[in-house]
Amino acid sequence: MEIKKVGVVGCGLMGSGIAQVAAMAGYDTLVREVSQALLDKGFTGIDKSLAKFVEKGTVSADDKRAIINRLSGTTHLEDLKDCDLIIEAVTENLETKHLTFRTLDSACKPDTIFASNTSSLSITEILAATKRPQRFVGLHFFNPVPLMKLVEVVRTVVTDPAVYETVFKFAESLGKVPVRARDTGGFIVNRLLVPYLLDAVRAYEEGAGSIVDIDNGMKLGCGYPMGPFTLLDFVGLDTTYYIANIMFDEFKEKRFASPPLLKRLVLAGHFGKKTGRGFYDWSDPKNPKPTL
């Protein structure tokens, strides 16, 4: 099985990044969005991202033009019918993903491989909407996609081993470092990361230290690039809360249960950096101040 043409469903933050790295690796890449306005916005982001690579000298101006020429867009899912691999990067909603893959399943050639970029939902639950479970995998990229090296390649109990190896090699061809993961809640990274983030909130609730002290403790004591509260604000408190709830539903373990403080901040609309306020006030991004 050879992958020549890649389809990406969704041109938001993750989808545009996936499309960019696929085109940079030499693949003809077709991106689908629900509207031309969103497609244009995503392609503008790709152009700006590539311009930064040109400024740094890692991509030449000629290479940038060639990459852009390998990218095309559409607002129709059916236009992805000739793609060899389709990577879905739409909103984290099972019903939306089912609708997307049902449409693709009917339109695409029988040997097209489907992949979902979900970070939290079960791949097995998603593939249930198709008639090609053996040709369905998880392909979980990390944000920002053009810079982050890791990709979790997720295998279900019904994934064809040959299909899995094809997708694994595809991930390597993007210049990424793929890891083999099974279809369990949170895969590898979130399975370990989410309890750590939730424990940091519990530690603060229980008076172990201030937000700044806990952040500095993990940065300077463990060598982490940022502390848990800063990371929570970057990931999004709402995103972490959503993932934690899905994992708690699956495992029913306290370590995946959302602390009351996280729930209250999310209900108040304080999602972190994207809303300007979470565990820190981001009105001055260069000098964020704790809000609690």
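The values are calculated or read from the model by the stated rules, or taken from the named source; none is laboratory data. What you see is a predicted model, and the numbers here were worked out from it, not measured in a lab. Neighbour counts run over all protein chains shown; Cβ positions are idealised from the backbone, glycine included.
Brief remarks follow.
- Listed here are the helices (runs of 4 or more DSSP H) enclosed by segment 177-255 that have at least 2 residues being touching a residue at least 24 places away in the same chain (Cβ under 8 Å) and in contact with a Pro (Cβ under 8 Å, 6 or more places away or on another chain): 189-205, 211-222, 228-235.
- Filter result for Thr156 (of a type in the set (Ser, Thr, Tyr) and surrounded by 18 or more Cβ atoms within 10 Å (Cβ to Cβ)): yes
- Residue tally, condition touching a residue at least 60 places away in the same chain (Cβ under 8 Å) and under 24 Å from Asn93 (Cβ atoms), over segment 256-292: 3
- Count of segment 1-43 residues, restricted to those that are in a helix (DSSP H, G or I) and under 19 Å from the mean Cα position of the chain (by Cα), is 17.
- Taken over segment 74-107, the criterion of being of a type outside the set (Val, Ile, Thr) and under 21 Å from Ile246 (Cβ atoms) is satisfied by Glu88, Ala89, Glu92, Asn93, Leu94, Glu95, Lys97, His98, Leu99, Phe101.
- Output for segment 35-53, where each listed residue is among the aliphatic types (A, V, I, L, M) and surrounded by fewer than 14 Cβ atoms within 10 Å (Cβ to Cβ): Ala37, Ala51
- The condition (being crowded, with 18+ Cβ neighbours inside 10 Å and either under 16 Å from the mean Cα position of the chain (by Cα) or of a type in the set (Lys, Arg) (or both)) is satisfied by just one residue among Val201, Val189, Val235: Val235.
- Checked against (1) of a type in the set (A, V, I, L, M, F, W, C); (2) crowded, with 20+ Cβ neighbours inside 10 Å; (3) touching a strand residue (DSSP E or B) at 6+ places or on another chain (Cβ under 9 Å); (4) at negative phi, Val177 passes all but condition (2).
- Only residues that are crowded, with 22+ Cβ neighbours inside 10 Å and either over 25 Å from Ser122 (Cα atoms) or among the hydroxyl-bearing types (Ser, Thr, Tyr) (or both) were counted in segment 238-257, giving 1.
- Residue match in segment 53-66 (condition: within 20 Å of the chain's Cα centre (by Cα) and modelled with pLDDT of 95 or more): no
- The strands (runs of 3 or more DSSP E) located wholly in segment 100-166 that include 1 or more residues which are touching a Pro at 6+ places or on another chain (Cβ under 7 Å) occupy 150-155.
- Applying a threshold of 7 Å to beta carbon distances and a minimum spacing of six or more residues, or different chains, the list of pairs starting in segment 72-92 at a residue that is more than 19 Å from Gly138 (Cβ to Cβ) and ending at one that is of a type in the set (Ser, Thr, Tyr) and not in a helix (DSSP H, G or I) reads Thr75/Ser35.
- Residue match in segment 46-56 (condition: in the same structural domain as Lys169 (by TED's automatic domain parsing) and under 25 Å from Thr239 (Cα atoms)): yes
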